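Shown next, in structure tokens, is the structure this report addresses.
The values are calculated or read from the model by the stated rules, or taken from the named source; none is laboratory data. Every value quoted in this text rests on a predicted model; they were computed, and no experiment measured them. Glycine also receives a Cβ, built like all others from the backbone with ideal geometry; neighbour counts cover every protein chain displayed.
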Amino acid sequence: MPARSLRLLSGLVLFGVSVALLVVADLGLPAWDALHQGVARATGLPFGWVVNLVGALVLLAWIPLRVRPGVGTLCNILVVGLAADATLALLPDPRALAVRIPLLLAGIGLNAVATGRYLGAGLGPGPRDGLMTGLARRGISIRVARTVIEVGVLAVGWLLGGTVGVGTLLFAAAIGPLTQPAIRRFAAPEAGLPASPDGARTPYTP
């Protein structure tokens, strides 16, 4: 259990760091982070606070879906936003595209590794992932649920001033192929994650 807890916490911290890298790159954010940034800009709240608050609100949507949070779910709500804010406070605000592009690529790669670590611990998905898997248990395809939710979230984030751009598209295209081997690499045997058709362990069902 200590090894799985360490894997979980390190993954969540790295996840927050990866989000901060994507924010600083300023080339386009994933859907949920565009929403977080938009809400932060509209309210004046720190970005990390918004990450945690939105996570807590999404968790409320689990109640009618009868999804039970795990310790990983609760840690996700507390840790990711704090790690993102701490990293943002340390990073400069680069102007040169030659700096921002590597930050974007590093953020996407680190996000995949971080996701593999925290999901591989098998201690519970994040609130946003749990919402999609909860809908899947109600008979809605994960693909449909994820597409509808993320398109809606991205639209709201963009309307509120969140950054949408080439980085948004690159993240959407790359994160799946990068995350799958990361989950395979870091999945704890005792976590009990279901195997996908290619033998990799994954918390999602098709």
Are there any helices (runs of 4 or more DSSP H) wholly within region 88-199 with 1 or more residues that are more than 25 Å from T73 (Cβ to Cβ) and at pLDDT 95 or above, and if so which? 97-120, 142-159, 166-186
Limited to region 49-71, what total is found for residues that are under 13 Å from the mean Cα position of the chain (by Cα) and not hydrophobic (A, V, I, L, M, F, W, C)? 2
Mind listing whichever residues of region 157-180 are farther than 22 Å from R41 by Cβ, in contact (Cβ under 8 Å) with a residue 40 or more places away in the chain and of a type outside the set (G, A, S)? L170, I175, L178, T179
Just checking, how many residues over region 107-141 are more than 16 Å from the chain's Cα centre (by Cα) and farther than 17 Å from R66 by Cβ? 1
How many residues does region 70-84 contain that are more than 17 Å from P125 (Cβ to Cβ) and buried (at least 20 other Cβ atoms within 10 Å of the Cβ)? 2
